Amino acid sequence: MKMTKTLLLLLLVAVANAKVFERCAWARTLKASGMDGYRGISLADWVCLTQHESHFNTRATNRNTDGSTDYGIFQINSKYWCRDGGVSRSNGCGINCSQLQTDDVTTAITCAKRVVRDPNGIRAWWVMWCSDDGTALIFVFGRDHVAYMFLVSGWPGENIVRTET
């Protein structure tokens, strides 16, 4: 019981100390790291992706139904890209998942570049492509399925026009 309380306290301290980037500061960081146009992906798309994946939070996590976890500002999945002692099948970035959750985002950016060099490219993520008029095209990709949801407006899932798989 005491160990559980200690772990909970440490988790709360880690979350409380998370670095959450402001949009412009994050865009400058991405640009300085060579992400603008990397593998054909615009700076705007990287900013949009990370805004919707983690709200620019370096310590963000998401537990998935398959037992894997998404880590850090890019929400990089433990099943394929990092090692966390869970359901990892491979370790494409050759790192521990905790390295994706530091305030120094160098490792996270390097790993994101590795992810998009994979044949699935940017489709490794649930990606929301933002547009100036408020419409969006959401791609839901995994290694085993593809689905498209065309939205007229809103996020998430408002006014779905069509879903295809």
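Which pairs have Cβ atoms under 7 Å, sit 6 or more apart or on different chains, and link a residue in the stretch 49-60 that is farther than 9 Å from Gln75 by Cβ and open to solvent by less than 50 Å² (accessible area, probe 1.4 Å) to one that is part of a helix (DSSP H, G or I) and among the hydrophobic types (A, V, I, L, M, F, W, C)?
The qualifying pairs are Phe56/Trp26.
Give Gly94, Gly72 a once-over and let me know the one that is touching a helix residue (DSSP H, G or I) at 6+ places or on another chain (Cβ under 6 Å) and at pLDDT 95 or above.
Gly72
Condition check: surrounded by fewer than 21 Cβ atoms within 10 Å (Cβ to Cβ), among the aliphatic types (A, V, I, L, M) and closer than 19 Å to Arg117 by Cβ. Does Ile76 satisfy that?
Considered against the rule, which asks whether it is surrounded by fewer than 21 Cβ atoms within 10 Å (Cβ to Cβ), among the aliphatic types (A, V, I, L, M) and closer than 19 Å to Arg117 by Cβ, Ile76 comes out as no.
Restricting attention to the stretch 1-48, which residues are assigned to a loop (DSSP other than H, G, I, E, B), open to solvent by 90 Å² or more (accessible area, probe 1.4 Å) and modelled with pLDDT of 90 or more?
Glu22, Arg39
Name the residue that is nearest to Ser33 (Cα to Cα), counting only residues in the stretch 74-125 that are in contact with a Phe, Trp or Tyr (Cβ under 8 Å, 6 or more places away or on another chain) and without any contact (Cβ under 8 Å) to a residue 12 or more places away in the chain.
Asn91
Within the stretch 61-71, which residues are within 10 Å of the chain's Cα centre (by Cα) and surrounded by 16 or more Cβ atoms within 10 Å (Cβ to Cβ)? Spell out how you get there, then give the answer.
Within the stretch 61-71, the first condition is being within 10 Å of the chain's Cα centre (by Cα), and the residues that meet it are 61-62, 70-71.
Those that are within 10 Å of the chain's Cα centre (by Cα) and surrounded by 16 or more Cβ atoms within 10 Å (Cβ to Cβ): Thr61, Asp70, Tyr71.
The values are calculated or read from the model by the stated rules, or taken from the named source; none is laboratory data. Values in this document were obtained by computation on a predicted structure and should not be read as measured data. We place every Cβ from the backbone using ideal geometry, glycine too, and count neighbours over all the protein chains shown. What goes into the accessible areas is simple: the full protein's heavy atoms, side chains included, and nothing from ligands, DNA or RNA. Shrake-Rupley method; radii C 1.70, N 1.55, O 1.52, S 1.80 Å.
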